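Comments concern the structure below.
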Amino acid sequence: MDFALTEDQESLRELARQILSEGATHDRLKELENKGWSVFDRGLWQRLADAGITGIAVPEAHGGGGLGFLELATVFEEVGRTVAPVPAVPTLVTAYALARHGKGDQVLSGVADGTTILTTAFDGEVLATREDGGWILDGETPFVPFGAEADVVVVPARFGAGPVAALVRRGTPGVTVTELQTTNRQPGALLTFTAARVEQADVIEDADDLIDDLRRHTTAAVCSVAAGVCQTALDMTAKHTASREQFGKPIASFQAVGQRAADAYIDTELVRLTALQAAWRLAEGWPADEEIAVAKFWVGDGGMRALHACQHLHGGLGVDMDYPLHRYFLWGKQLEHTLGTPTRQLLALGAQLAATPV
């Protein structure tokens, strides 16, 4: 069997890599970081849209390319490689899931042309009640990625007959947005709902499957980002150890350094391969819960082990804020926290295996 990406998928990867590497340079990221804690490059996001990348998985009827989740995963990996401050995961995964379920027609065209940012509020507790042909939301949900920047937030909410998913638009009365500081400086927000009214057209009822789909695809997407983060950190480490000399020879020639780098390479490959497996199974419509749990485990376990090794092999340079490696460590830690600890993933995977009929 041929497990290589197709020519079109490779072309998409190269296009995303070119735009992101040119736009998310070290100097550009420093410039954005000096303006405030949270970092978002709207201009870079628009360049991705102008190249058709934000719309690759949006249906053609809404101005997109109609491609699948595996293509999205290749873009997410490039976002991780450049630690690009763009809302790729929340916007593109939310749009993809809505389109898969035949929902969200009112926002998909905006995703394709870059004018609409989407996100999903997974955590927290929100209650929905019917009122006068619409819905009222009460509660709060923390840690919403790009929650203050999003034009529309998909908010899962409890309802007696089953969960609903409300498409809450920016500026909706009764919604308070409190910006949060995150480890990797990605924008985040706490959303508080106080009798916030959402019209019937923007509420998806019986949303169990949609919410599960959003969670699965978001998790797999974060794993793909982590694969890119680890790969660039490893590439930087290989370059540094090959050029840094001690006792008249490159430190890469020292056995201890080589062994540590080799272990980091193996861990990075496992992060990449498990993330790719999860994304591929989702793209094919196959069950993927076990593969997602495995990928989550490797991000938190092998991914952080690889990033620690990269930091250590750089010595003091690794913690120099004028050197880009520190961003990759911070992104890795943020992604680990987002997904949950490795132990949690092993417990989840064990429970899934135990429930599988023999």
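Give me the pairs: first residue in region 279-308 and open to solvent by 60 Å² or more (accessible area, probe 1.4 Å), second residue assigned to a helix (DSSP H, G or I) and among the aliphatic types (A, V, I, L, M), beta-carbon distance under 6 Å, and six or more apart or on different chains, which are they?
From region 279-308, the pairs are 280/70.
Of the residues 325, 282, which is at pLDDT 95 or above and either out of contact with any helix residue (DSSP H, G or I) (no Cβ under 7 Å at 6 or more places or on another chain) or more than 25 Å from residue 187 (Cα to Cα) (or both)?
Working: 325 fails: either out of contact with any helix residue (DSSP H, G or I) (no Cβ under 7 Å at 6 or more places or on another chain) or more than 25 Å from residue 187 (Cα to Cα) (or both).
Step by step, each of 325, 282 is checked, and only 282 is at pLDDT 95 or above and either out of contact with any helix residue (DSSP H, G or I) (no Cβ under 7 Å at 6 or more places or on another chain) or more than 25 Å from residue 187 (Cα to Cα) (or both).
Among the residues of region 48-58, are any part of a helix (DSSP H, G or I) and under 29 Å from residue 284 (Cβ atoms)?
Within region 48-58, one or more residues are part of a helix (DSSP H, G or I) and under 29 Å from residue 284 (Cβ atoms).
Looking only at residues in region 58-109 that are of a type in the set (Asp, Glu) and buried (at least 19 other Cβ atoms within 10 Å of the Cβ), which one is farthest from residue 35 (Cα to Cα)? Steps first, please.
Going residue by residue through region 58-109, those that are of a type in the set (Asp, Glu) are 60, 71, 77-78, 105.
Then keep just the ones that are buried (at least 19 other Cβ atoms within 10 Å of the Cβ); that gives 71, 77-78.
Values: 71: 33, 77: 26, 78: 25 Å.
Selected residue: 71.
Kindly indicate which of 301, 320 is more than 21 Å from residue 79 (Cβ to Cβ), within 20 Å of the chain's Cα centre (by Cα) and among the acidic types (Asp, Glu).
Values: 320 fails: within 20 Å of the chain's Cα centre (by Cα).
Going through 301, 320 in turn, the sole match is 301.
Would you confirm whether any residue within region 334-346 is open to solvent by 30 Å² or more (accessible area, probe 1.4 Å), over 25 Å from residue 232 (Cα atoms) and in contact (Cβ under 8 Å) with a residue 40 or more places away in the chain?
Yes.
Which one is farthest from residue 29 (Cα to Cα) among residues in region 323-358 that are under 19 Å from the mean Cα position of the chain (by Cα) and small (Gly, Ala, Ser)?
This residue is 340.
If residue 132 meets every condition in (1) open to solvent by less than 60 Å² (accessible area, probe 1.4 Å); (2) on the phi > 0 side of the Ramachandran plot apart from one, which number is that one?
(1)
Conditions tested, residue by residue: (1) surrounded by 14 or more Cβ atoms within 10 Å (Cβ to Cβ); (2) in a helix (DSSP H, G or I); (3) of a type in the set (Ser, Thr, Tyr); (4) free of Cβ contacts under 8 Å to residues at least 60 places away in the same chain.
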| position | (1), (2), (3), (4) |
| --- | --- |
| 218 | yes, yes, yes, no |
| 226 | yes, yes, no, no |
| 230 | yes, yes, no, no |
| 234 | yes, yes, no, no |
| 238 | yes, yes, no, yes |
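The values are calculated or read from the model by the stated rules, or taken from the named source; none is laboratory data. These numbers were taken from a predicted model, which means no experiment stands behind them. Here the Cβ is made from the backbone with ideal geometry for all residues, glycine too, and neighbour counts use every protein chain on show. Remember, those area values only see protein heavy atoms, side chains included, never the ligands or the DNA or RNA. Shrake-Rupley method; radii C 1.70, N 1.55, O 1.52, S 1.80 Å.
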